[in-house]
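Only one structure is covered here, and it is reproduced in the block below.
The values are calculated or read from the model by the stated rules, or taken from the named source; none is laboratory data. Values in this document were obtained by computation on a predicted structure and should not be read as measured data. Neighbour counts run over all protein chains shown; Cβ positions are idealised from the backbone, glycine included. The protein model used for the area step is the full one, side chains on, heavy atoms only, and it has no ligands, DNA or RNA in it. Shrake-Rupley method; radii C 1.70, N 1.55, O 1.52, S 1.80 Å.
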Amino acid sequence: MNIHEYQAKKILNRYGINIPVGAIAYTPAEAKRVAVNISPKGPWMLKAQIQSGARANGKFVEKNAGKLGGIRYITGRKDIFEEAEKMLGSTLVTEQTGSKGKSVSKVYVEQHLTVKQTFYISLVIDRMIPCITLLVTEETTNIVDAVINKPEKILRINLDINEQINNNQINRIINFLKIDKKYAKNLKQFVCGIHKAFIQLDSTMIEINPVGIDAKGNFIALDAKISFDDNALYRHNDILRLHDDYEDEDRVLKAAKYGFQYREFNDGSVGCIVNGEGVALSIKDMLFETDEKMDCFLNVKGGVDKDKISAGIKIIMTNPRVEGILINILGGFLRCNLVADGIIAAASEVGLNVPLVVRFEGTNKDEAQEILLSSNLPVLMADTMQDGVAKLLKAMKESD
Amino acid sequence: MSVFLNKNTKVLVQGITGTQASFHTQKMVAYGTKIVAGVSPNRGGTKHLGVDVYNSTIEAVKATKATASVMFVPARFVKDAIKEAVEAELETVVVIASGVPIKDMMEIKAMLKGSKTLLIGPNTPGIITPDEACLGIFPENIHKKGNIGVVSRSSTLTYEAVIETTRAGMGQSTVIGLGDDMIVGTDFVEIIKKFHEDNNTKAILMIGRQGGMYEETGAEYYAGLKYKKPIIGYIAGSTISTQDKMGYAGDIITRGKITTESKKETLQKAGIMVADSINRIHQLLENLK
């Protein structure tokens, strides 16, 4: 789960991390009002709150939002209202959002701080070791290029799960970034703060880009991103409350409610229901060579309840872009007959008006096939994944 | 011979009294698996499905000399259950549950270091040695004894891979699901090594997927082997772009953007034959004959 910058900053502040004074605003008038409270004369930073990096270099889809990106430097009070009005309700596309972009429903107004030095810092899981890795670089914009072309520009420090940050590691960061040695104590407090937050909150990533060092040697988080481990959210009710439903598509939310994974690609006509993401990926690869593409898939892995499965199947059946459905279940833990029952329940509620091909294999396969064949549904049965794809394409062509 | 599991392996089931555990315990027993004990707190001294139940793993191991365990406990209790398994010095532990918290997994990996226990999973169908024993939730009826070692990082594609060996008229020596979770107990390296030591395994089928670098480390290990059994590989997810990211940290960790294409290239460079579709694997297998 991801959260917004303003939420991340508030959390980090609780761990002793300095942040600029700021407030959230949902309307241009509110933006102007909070700006005056933050700093009577400015200047201010006005920041679009969408869950994505690279907002400053992003572009708005709407022309009237102006050519500037999602992070704007503002000097006059009047401009706060105008610029907030341009951004709110507009769609921001960044290199991390995909071409659809994300709609801006709130802006964060902050005091603008003058800093003498900036750098990038993050904590992230390296799953291959596995450990928590601290990443530091003086690059704050073309970071991925630096990784590929100038790996020496990035300092990596691997931390065991039970390891604390020590002075030696702080000195390495000081030397690497050429930070004034007399600020070592402040840096240590800063790094230990984010490390503590990372571990206590079951985070998978904390990224501060940039950190600013002011004239007095204070380290300030000028931006902040935090991602959390979805599987550990049960231990963090306070974090779970921060979830922004508007960041997710409706169908994704619905599927998540039943504990299923749903993913949309928006560029096809085939909807798939599978158990296991790998199966969905394989079918997508197979369809890629054909005329039809995969539009979405629902992964009902772990489902053991007929009603839940039926609710999940309805998500695919009611997607208006879906012109054909392929259900491929390799029953192990999940028994095929449950899925067969779920298909019949879903179809009787929302109707089935597109071709449906089903392929069962594994646990209770025969029973499941029997259930479907004795129902009155126009279902085609397939023997293999490839056969399923072929039968579906043929049926879709015929129904055109 | 086989890898990790045969008909004489003494197996215990952790969390045996749950509904899912009961269903699959019956299937495992019917398949011939030597299930010697079950563990369920506060149910010690009773019998469940004809199996003796103990309060703790340590008690169960002491009484039965079990060496392997399959765990049906929910994700949030996996860490404690593995701690018990490590203390009881079990050799092989299979974790079926999906979604074990990442922090727990890092602590689990730290516990496993230097221990006698090998963890398969989480989020895996388990291990099966056809016609001998099953440690997990496999649909047993698709398996057949043979000489192909199957190892997969995508749980349900494991079954698809097995079906491909059958289509090629071959069977499997042992089938192992590494698990679908972000951090897993055992990687390709360990399994490729074991399959090379196993006389019954003549060739290996390796199923990977986008995300992480498990396939790369496996390929790297294989490239360095002096004596090589043929490996056929497949990577799911070539047509997926990784959109909707948060921040740069992920790309920095993997030292640049890892794609399915780059994975395939790494495998091919190591001498692994890569199938471009899962349902074409049987053709590559037939070429081995």
Q: Please list, or write none, the lysines whose alpha carbon is within less than 19 Å of the alpha carbon of residue B:62, excluding same-chain residues fewer than 8 places away.
A: B:10, B:34, B:47, B:83, B:116
Q. Ranked from highest to lowest mean number of other Cβ atoms within 10 Å per residue, what is the order of the peptides A:389-396, B:176-183?
A. B:176-183, A:389-396
Q: Pull up the DSSP beta bridges for the protein assembly as shown and report the antiparallel fraction as a percent, rounded to 5.
A: 50 percent
Q. Mean shadow of region A:249-399, computed from the convex hull of its alpha carbons, in nm²?
A. 7.6 nm²
Q) Bin by bin, in steps of 10 Å, what percent of the Cα pairs in the protein assembly as shown do you find, going until the bin that has the longest distance? A) 3, 14, 23, 24, 19, 11, 5, 1, 0
Q) Across region A:9-19, in residue order, what do the Karplus-derived ³J(HN,Hα) couplings come to in whole Hz, using 6.51 cos²θ - 1.76 cosθ + 1.60 with θ = phi - 60° and x for Gly and Pro? A) 5, 4, 5, 5, 4, 5, 9, x, 8, 6, 9
**Q.** Extent along principal axes [Cα atoms of region A:278-351; Å; largest to smallest]
**A.** 34, 28, 13
Q: Determine the calculated [θ] at 222 nm for chain B from helices alone, applying -39500 (n - 2.57) to every DSSP H run no shorter than 4 residues and normalising by the residue count; nearest 500 deg cm²/dmol.
A: -10000 deg cm²/dmol
Q: Per residue of B:127-138, count partner chain C-beta atoms within 10 Å of its C-beta, then hand back the mean as an integer.
A: 1
Q.
Taking only the Cα atoms of chain A, how large is their convex hull per residue, in Å³?
A. 169 Å³
(Q) For residue A:119, what residues show an amide H to amide H distance below 5 Å, using hydrogens built from the backbone and excluding near sequence neighbours? (A) A:211
Q | In sequence order, calculated HN-Hα J values of region A:137-145 (Karplus, 6.51, -1.76, 1.60; Hz; x Gly/Pro) | A | 8, 7, 5, 10, 10, 8, 5, 5, 4
Q: From other protein chains only, count the Cβ atoms within 10 Å of every residue's Cβ in A:158-166, then give the mean.
A: 2
Q | Antiparallel content of DSSP bridges confined to chain A, in %, to 5 | A | 70 percent
Q) Say R0 is 41 Å: what FRET efficiency, to the nearest 0.05, do residue A:237 and residue A:374 get from their beta-carbon distance? A) 0.30
Q) Going highest first, how would you order A:144-153, A:76-85 by mean Cβ packing within 10 Å? A) A:76-85, A:144-153
Q) Restricting to lysine pairs 8 or more places apart or on different chains, what number in region A:172-296 have Cα atoms under 22 Å apart? A) 11
Q: Starting from the eigenvalues of the Cα gyration tensor, five times each then square-rooted, give me the equivalent ellipsoid semi-axes of chain B, largest first, whole Å.
A: 32, 23, 16
Q | Dipole magnitude of region A:22-92, debye to nearest 20 (Cβ charges: Lys/Arg +1, Asp/Glu -1, about Cα centre) | A | 160 debye
Q. Can you give the convex hull volume per residue for the Cα atoms of region B:139-288, as a whole number of Å³?
A. 112 Å³
Q.
Principal axis extents for region B:1-73, Cα atoms only, whole Å, descending order, please.
A. 38, 26, 20
Q. Once the convex hull of the C-alpha atoms of region A:21-111 is built, how many Å³ does it hold per residue, rounded to a whole number?
A. 76 Å³
Q. Applying the Karplus parametrisation 6.51 cos²θ - 1.76 cosθ + 1.60 with θ = phi - 60° to the phi angles of region A:32-37, what ³J(HN,Hα) value in whole Hz is obtained for each residue in order, glycine and proline being reported as x?
A. 5, 4, 5, 4, 5, 5
**Q.** Accessible area that becomes buried as B packs against A, both chains, 1.4 Å probe, Å², nearest 100
**A.** 5800 Å²
Q) Cα-Cα pairs above 26 Å in region B:10-120: how many percent? A) 11 percent
Q: Pop out the carbon and sulfur fraction of the accessible area of the protein assembly as shown as a percent, whole number, probe 1.4 Å.
A: 48 percent
Q. What whole-number value in Å² describes the accessible area per residue of the protein assembly as shown for a 1.4 Å probe?
A. 41 Å²
Q | Sequence-separation-based contact order of chain B, relative, with Cα cut under 8 Å and 6+ spacing, percent | A | 14 percent
